[in-house]
Amino acid sequence: MGELADFVTTEFAALADPEAALHMAAYMKSEMPFWGIKSPQRVPVLRAVVKGFPPTDEVAYRISVRELWDLPHREDKYAAIHYARAFKQHHTPAMLDLFECMVRDGAWWDFVDDIASNLVGATWLRFREEVSPIMDAWITDDDMWIRRSAILGQLKHRDALDEARLFRYCRDQASDTEFFIRKAIGWALRQHAYVNPDGVRAFLDEMGDRLSGLSRREAAKHL
């Protein structure tokens, strides 16, 4: 175990609450163990991690993120995502394979949504020309969580969002019966509706019943 992983393990072990861990695992429907540490309690540890273990370069960043991600508890992986988010200079196309690995391995909404919107999405916003073709491949991937990530990747792009690409992704995935894809479509459209409500209304009209009821309800919540 590296120094970073050892620090996080020691700090989290001191805060562990076995009873809370059982409740948290039940809520998340997770077989992965929890330490039982709620978010506010984790904050001082995460601050110390970011301050005390800054990566010296791209290689060190990748190693540190993996070191935390490979620890066994769910909060450890939350720490990995927090650490990865903190160093925005490393949100580059070269790191997309790392973020992709985290999505595939995490394979649940609590990990995937954070990675998609704050790591993949941040990289996509900064490097649109390089990342867009990669997202075009993700939206056709066999892994549902990768497809969800492509849909949610522009969640925070606001005026910079590529509307045609978002609508194409939603159109292409409209027939998918998977709850997490249908929910993602609705969420992404709802978020974009804050920027271009008329465009989202027109898209909903165009799609009609080809969009699931869940996607339509989510998309139209604030229209």
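No other residue among F99, F111, F12 is in contact (Cβ under 8 Å) with a residue 40 or more places away in the chain, crowded, with 18+ Cβ neighbours inside 10 Å and not aliphatic (A, V, I, L, M) apart from F12.
Quick check on the range 3-57: of everything there that is among the aliphatic types (A, V, I, L, M) and in contact with a Leu (Cβ under 8 Å, 6 or more places away or on another chain), which residue is nearest to D110 (Cα to Cα)? Break it down into steps so the answer makes sense when it comes.
Of all residues in the range 3-57, those among the aliphatic types (A, V, I, L, M) come to 4-5, 8, 13-16, 20-22, 24-26, 28, 32, 37, 43, 45-46, 48-50.
Now restrict to residues that are in contact with a Leu (Cβ under 8 Å, 6 or more places away or on another chain): 4-5, 8, 37, 45, 49.
On the way: L4: 23, A5: 21, V8: 20, I37: 15, V45: 20, V49: 21 Å.
Result: I37.
There is at least one residue in the range 186-207 that is in the same structural domain as M135 (by TED's automatic domain parsing) and within 23 Å of M102 (Cα to Cα). For T56, only one of the following conditions fails: (1) buried (at least 21 other Cβ atoms within 10 Å of the Cβ); (2) in a loop (DSSP other than H, G, I, E, B); (3) of a type outside the set (D, E, K, R). What is its number? Condition not satisfied by T56: (1). Among the numbered conditions (1) part of a helix (DSSP H, G or I); (2) closer than 22 Å to A219 by Cα; (3) of a type in the set (S, T, N, Q), the only one that S175 does not meet is (1).
The values are calculated or read from the model by the stated rules, or taken from the named source; none is laboratory data. All of these numbers come straight from a predicted model, not from anything done at the bench. Using ideal geometry, Cβ is built from the backbone for each residue, glycine included, and neighbour counts are taken over all protein chains shown.
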